[in-house]
Amino acid sequence: VLLSANEVLATDQTRALVKEQMDLILDKFTRYNGMLWENYTADFTPISQDWQNQNREDGVSSHVAIGGHTAMAAQQIVEGARQLHAQGAIGQAEYESYLDRGLELFQDFASNSGALDWQTGAVHNAIRVEEPDPSKRWLSGWGDAAWQQAELLQTLVRFQEVGRLGAIEGPDGQTGVDLLSKAEAHYQSAFSVPTEGYQFQDYFGNPDVYHRPQVAQYFTQAGA
């Protein structure tokens, strides 16, 4: 919402808020095993509450973070930097620095979190970030979500737009280019909108409100 507002308004206030958000993500939020911690106190001390504190196999609890949230955080950095640079609020060097740090954030996520499946292009939902074994971090019983897959797609598209997609490194020589192709296919196969009997439902978190229109726009542009 903030990025959309700044894109349209481009006021000193919206630009300052965008930059503040970017700096909070990069400098204040805690990163653990490739994931961004979800909950904080007012002074940004990381905490776990309620459903975000789940048991591991050995009985020790772990903070749970959402895969799509960390994937989307890098998109906030790239898009924010693009807007601020285009609006003359930051210079070329600072712009490039934000892109580099956004890429580093996503690379850490892609390599170390266990939330990203490079074979299918899927981003997983609930991740026990304090679990030492990446293969055991995903709470598979919680399932995955269309809006999180859309967030991954939007992030990869932003890296593509600024010429950094190929710099994302994956296993077996794969890059972000391969990941985007697989993420597209996974979204279309796993989260396609029903062609018959579909009815829009207005509820909190409904992907049709924001994420699906964004992805539809991307697929339209990609197929043009």
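Structure above, values below:
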read-out	value
Test result for Ala183, modelled with pLDDT of 95 or more, in a helix (DSSP H, G or I), under 18 Å from the mean Cα position of the chain (by Cα) and within 16 Å of Ala71 (Cβ to Cβ)	yes
Selection count where residues are surrounded by 16 or more Cβ atoms within 10 Å (Cβ to Cβ), touching a Lys or Arg at 6+ places or on another chain (Cβ under 9 Å) and either among the hydrophobic types (A, V, I, L, M, F, W, C) or more than 25 Å from Gly114 (Cβ to Cβ) (or both), scope the range 29-54	2
Filter result for Glu57 (buried (at least 18 other Cβ atoms within 10 Å of the Cβ) and among the acidic types (Asp, Glu))	no
Breaking point among (1) in contact (Cβ under 8 Å) with a residue 12 or more places away in the chain; (2) out of contact with any helix residue (DSSP H, G or I) (no Cβ under 6 Å at 6 or more places or on another chain), for Ala89	(2)
Long-range neighbours under 6 Å by Cβ, at least six apart or interchain, first residue on the phi < 0 side of the Ramachandran plot within the range 182-202, second assigned to a loop (DSSP other than H, G, I, E, B) and surrounded by 10 or more Cβ atoms within 10 Å (Cβ to Cβ)	Lys182/Gly121; Ala183/Gly121; His186/Thr120; His186/Gly121; Phe200/Asp208
Leading residue by the ranking (surrounded by the most Cβ atoms within 10 Å (Cβ to Cβ)) among those in the range 14-28 that are touching a residue at least 24 places away in the same chain (Cβ under 8 Å) and more than 14 Å from the chain's Cα centre (by Cα)	Val18
Hey, Arg158 crowded, with 18+ Cβ neighbours inside 10 Å, of a type in the set (Lys, Arg) and modelled with pLDDT of 95 or more or not	no
Extreme residue, surrounded by the fewest Cβ atoms within 10 Å (Cβ to Cβ), among residues of the range 130-147 that are in contact (Cβ under 8 Å) with a residue 40 or more places away in the chain and among the small types (Gly, Ala, Ser)	Ala146
Residue satisfying condition, being surrounded by fewer than 23 Cβ atoms within 10 Å (Cβ to Cβ) and either out of contact with any Lys or Arg (no Cβ under 6 Å at 6 or more places or on another chain) or under 30 Å from Val60 (Cβ atoms) (or both), within set Ala167, Ala110, Ala150, Ala115	Ala167
Unique residue being buried (at least 21 other Cβ atoms within 10 Å of the Cβ) and either within 22 Å of Ile127 (Cβ to Cβ) or aromatic (Phe, Trp, Tyr) (or both) when the list is Ala71, Ala81	Ala71
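Results for (1) of a type in the set (A, V, I, L, M); (2) over 16 Å from the mean Cα position of the chain (by Cα); (3) at pLDDT below 95, shown as yes or no for each residue.
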| site | (1), (2), (3) |
| --- | --- |
| Glu96 | no, yes, no |
| Glu104 | no, no, no |
| Ser113 | no, no, no |
| Leu116 | yes, no, no |
| Ala122 | yes, no, no |
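The values are calculated or read from the model by the stated rules, or taken from the named source; none is laboratory data. Because the structure is predicted, anything quoted here is derived from the model rather than measured. In this analysis, Cβ positions are derived from the backbone assuming ideal geometry, glycine residues included, and neighbour counts consider all displayed protein chains.
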